[in-house]
Number of protein chains: 2
Amino acid sequence: MEQLVECIPNFSEGRRPAVIEAIAAVVVRTPGVRLLGVQSDTSHNRCVLTFVGSPEAVKGAALAATRRAVALIDMNQHHGEHPRVGAVDVIPFVPLAGVRMEDCVAIARALGREIWTELRVPVFFYAEAATQPERQRLATIRKGEYEGLPTKLADPAWVPDVGNPSPHPTAGVTVVGARQPLIAYNVNLITEDVEIARKVARAVRASSGGLEHVQAIGVRNARGSAQVSVNLLDFTKTPLARVFEFIQREATQYGVEIADSEIVGLVPLAAIADVARSALRLAGFGREQILEARLMDLDEP
Amino acid sequence: MEQLVECIPNFSEGRRPAVIEAIAAVVVRTPGVRLLGVQSDTSHNRCVLTFVGSPEAVKGAALAATRRAVALIDMNQHHGEHPRVGAVDVIPFVPLAGVRMEDCVAIARALGREIWTELRVPVFFYAEAATQPERQRLATIRKGEYEGLPTKLADPAWVPDVGNPSPHPTAGVTVVGARQPLIAYNVNLITEDVEIARKVARAVRASSGGLEHVQAIGVRNARGSAQVSVNLLDFTKTPLARVFEFIQREATQYGVEIADSEIVGLVPLAAIADVARSALRLAGFGREQILEARLMDLDEP
C-alpha cells in the first residue's frame, strides 16, 4: 500500500495573496507531494495549506514552506482574530494510509530539529508528538500568544523542545506535531456580539465541561459577526451534527440564531456521511453506498 | 477518459438468496465489469444489482444476468409489495464518465433487441430511451403490473417496442432505458397503517402535485410498518433533505413520525454532500473539500 501522510500547516498570513501564493508555490514544486488545498481567512489573518505525499516528501515540503514563510512574515506586524505564536504557527502530520501514528510522530520530531537547525526558530512538539502531557493541547502552548513568548519561554516549564528559550525575532516559535484527522469548523452567529460567541464556545468545548473532543473559541469573522471557531478532534466519537446542534441550542439561550457554518480545509468523507446519516435518520448507511467511494476502493491495486 | 456506464437492473426476487447470488455471479464473471452492490428486500421481493464498466461490457453483463433471471424466476409465483411487470423488471443505464446520454440510449435499444431475439421477452423502452412520451414514466408502463399484461399488451397503444404483443409466459416483459443517476430512497413511518404512507406518497410525488422529480408510493416494509418508497430523479434540483423534510411534515399531519430512512443501492457523493450542506447550513461547501474526493481527482490520469 502506498504510504500517504497529510500535512496541514497553518501560516500567520491571510491578507497578502502574494505571500500565500509564494508559500504554496514551494509545496507545488516539491516532487512527490500533491497540494490539495489552500484556504485563507482575512479576519483570522491566517492560511492553511493541505498537502499529501510520502513521509519524506511531505517533510521536505513542510520545511521548504516554513523557510519561505519565515522569510516573508514578520510577526511584529501581525494582527488577527485567531490565537498564534509564530509565522508558521502549527504543522500537524496525519497518517492517511500505509503509515502509523508513530511514523508521523517521527516525521514531526525530525522536522522540528531541522527547523531549529536551519532557521533558528524554536519548536514545541504537540498532540501525539508532545514530550510532556502539558504540551499535548495546542491551546496551552499558544496561551500568551506571540507577544507573550519572551516571558513564557523564560519560564523553565516552557523551554522549547528544540532550540533556545527565546523566540525567533520575527517568526516566534513553531508548534509541530502528529494527530488524527481533525475538522476545523466555524459557526457564524447572527449577532455582532462576540461575547456571545465566547460564551457558546465555553459551553461547547471539552476543557470547560462541554463536548468531548471539541476545542472552541469565540472570535469575530470577516463579516464582523460573532463566530464560534471549533476544532473537532475526533468526529467518530463527537459527530459534526452534534456540535452544530449543541451550538444552535446554546446560542438560542441568548436569542441568537446560526447564520451559517463553514468547514475550513478538507474533511473526511466519513464525517460528511455521518451528518447525512443523522439528518435523514439513515439506517445502515455507510461509505460503501457512496458511488465514488466504491469506485475508488475498486481502483486500488 | 475511461468510458464508464452504470447499470442498475431490478429483478423480481428478494427472498431466495441462491437465485440472487446466481444472477450476481454472472455479472461478476463478465470481464470488464465491476459489481458494486447487491441489495435485496424481502418485503418488496426484489433485488437490485449495481455494476459499472465499458458500454459493451455492461451491455453483455446485463444480457447474461437477464438470461439467468428469466431461467430462475417464475412471475406466476411472485408476490411483493413493489409494482413489477417482469422477472427482470427494469434495466436502466446511466452515463457516469466519458459517455453521453445518447450512448446509453443506444445501449438500451441494442440490449432490448437482444433480449427479445434471444429470450423472447418483449421489451418496453423508457425514460431517455422511450419511443413515445407516454412511455417515459416507468410507473405508467408498470400500471396493471405483471397480472395485467395480457390485457395491456392487446391494447394497440401498448404494443411493446420490441417483440410480440403478448408477455413471456413466466418472465412477463422487461423495461429497458437510459437515465440520469437516480436515488432510490425509502422512508419508514412509525405506523402499521399503509394507507398513511400512500397519502404521504401522493402528497410528495410530482404526478399528484408534490415535489418535482419525485416518484413515490406507499408500501409495507419488511418490519410490517408503513413505508414511503421514493425515487428521486434529479437530486440536484430536488435535494434529498427536502424530500425527507416534506415527508416528515406530511406524516405529522396524521400524527405519525419517521422511524428511519434508507438509501437503496448507491448514491452519488454530491447528494450526500448536499444533505450535510443543508443540515449544517454550510456556506461554500463543495465536494472538493472532501478529502477522498480530492485524492480521487488527483489520481486520475
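What follows is calculated from the coordinates using simple rules that are stated; it is not laboratory data. For clarity, every value in this text was computed on a predicted model and none was experimentally measured. No Cβ is skipped: glycine too gets one built from the backbone with ideal geometry, and neighbour counts run over all protein chains shown.
Structure above, values below:
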{"read-out": "GNM top mover of B:ARG198, B:ARG109, B:ARG100 - chain B, alpha-carbon springs below 10 Å", "value": "B:ARG100"}
{"read-out": "Computed helical MRE - 222 nm, chain B, DSSP H runs ≥ 4 contributing -39500 (n - 2.57), nearest 500", "value": "-10000 deg cm²/dmol"}
{"read-out": "Convex hull per residue volume in Å³, alpha carbons only, for the protein assembly as shown", "value": "162 Å³"}
{"read-out": "The stretch B:72-81 - phi-based ³J(HN,Hα) in whole Hz, Karplus 6.51/-1.76/1.60, Gly and Pro as x", "value": "9, 10, 10, 5, 5, 9, 8, 9, x, 6"}
{"read-out": "Listed residues B:ALA127, B:ALA65, B:ALA22, most fluctuating in chain B (Gaussian network, C-alpha, under 10 Å)", "value": "B:ALA22"}
{"read-out": "Tail weight of P(r) past 28 Å, computed on alpha-carbon pairs of the stretch B:4-178, percent", "value": "14 percent"}
{"read-out": "Chain A: projected area of the alpha-carbon convex hull, averaged over directions, in nm²", "value": "16.0 nm²"}
{"read-out": "Sequence of B:SER12, B:SER208 once ranked by neighbouring C-beta atoms within 10 Å, starting from the fewest", "value": "B:SER208, B:SER12"}
{"read-out": "GNM result for chain B, Cα springs below 10 Å: residue of B:VAL90, B:VAL48, B:VAL19 fluctuating most strongly", "value": "B:VAL19"}
{"read-out": "Within straight-line cross-link reach of A:LYS199, lysines at Cα separation under 19 Å, skipping those fewer than 8 residues along the same chain", "value": "A:LYS143"}
{"read-out": "Taking the stretch A:142-214 and dividing mean pair separation by its residue count, relative contact order in percent (alpha carbons under 8 Å, at least six apart)", "value": "15 percent"}
{"read-out": "Cα convex hull volume per residue for the stretch A:157-288 (Å³)", "value": "156 Å³"}
{"read-out": "Computed over the stretch B:183-267: relative contact order in percent, which uses C-alpha pairs under 8 Å that are six or more apart", "value": "41 percent"}
{"read-out": "Neighbour-count ranking [beta-carbon atoms within 10 angstrom, fewest first] of A:PHE246, B:PHE93", "value": "A:PHE246, B:PHE93"}
{"read-out": "Label-point gap, in nm, between B:GLU118 and A:ALA97 - each point 7 angstrom along Cα→Cβ", "value": "3.6 nm"}
{"read-out": "FRET E, pair A:LYS143, B:GLU257, Förster distance 51 Å, beta-carbon r, rounded to 0.05", "value": "0.60"}
{"read-out": "Mean separation of Cα contacts under 8 Å (6+ apart) over length of chain B, as relative contact order %", "value": "16 percent"}
{"read-out": "For the stretch A:79-238, the fraction of alpha-carbon pairs in successive 10 Å shells from zero, as %", "value": "11, 35, 34, 18, 2"}
{"read-out": "Span from the the stretch B:30-101 Cα centroid across to the the stretch B:141-164 one, whole angstrom", "value": "21 Å"}
{"read-out": "Residue exposure sequence - A:ILE290, A:ILE263 - by fewest surrounding Cβ within 10 Å", "value": "A:ILE263, A:ILE290"}
